[in-house]
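Enquirer: Just passing along the structure, written as structure tokens.
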Amino acid sequence: MTEKTFQLMVRYGSIALGICLILNIWVVMRNVEVYRDATRVETQTEQMALRGQILQGVVQEFAARANSDPHIAEIFRRAQGTVAPSAASQNLNHN
């Protein structure tokens, strides 16, 4: 290695190291951001699945009591009555 090559390496090597350092920090910060977002989405998905299971359990419990409780049976009748006309109107629109 000559003196000229050594001087060029000293001059431009520190610049190259600085650029590599900045790029590495940017990549690490970007990956941290991606993993943080992925973790947040995974947590929200788990919460939605849990809510769905809870709602399904509530509906099953109400369905089991609908035969013995007239108030619950009335709620189901009203809910089915509101769903049926909209489904019928959709069928008419498609024909």
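Enquirer: Quick one: net charge of THR45's neighbours, Cβ under 14 Å, K/R +1, D/E -1?
Expert: Residues near THR45 contribute -1 overall.
Enquirer: Taking the 0 to 90 degree range and rounding to the nearest ten, how far is the long axis of helix 3-65 tilted relative to the main principal axis of the chain, both from C-alpha atoms?
Expert: Taking the Cα atoms of the chain, the angle to 3-65 is about 10 degrees.
Enquirer: Only one of the listed values, [x] 14.3; [y] 20.3; [z] 13.5, was derived from the coordinates as Kirkwood radius over Cα pairs in Å; which label is it?
Expert: Correct label is [y].
Every number here is computed from the coordinates shown, using simple stated rules; none is lab data. All of these numbers come straight from a predicted model, not from anything done at the bench. Glycine gets a Cβ as well: all are built from the backbone with ideal geometry, and neighbour counts include every protein chain shown.
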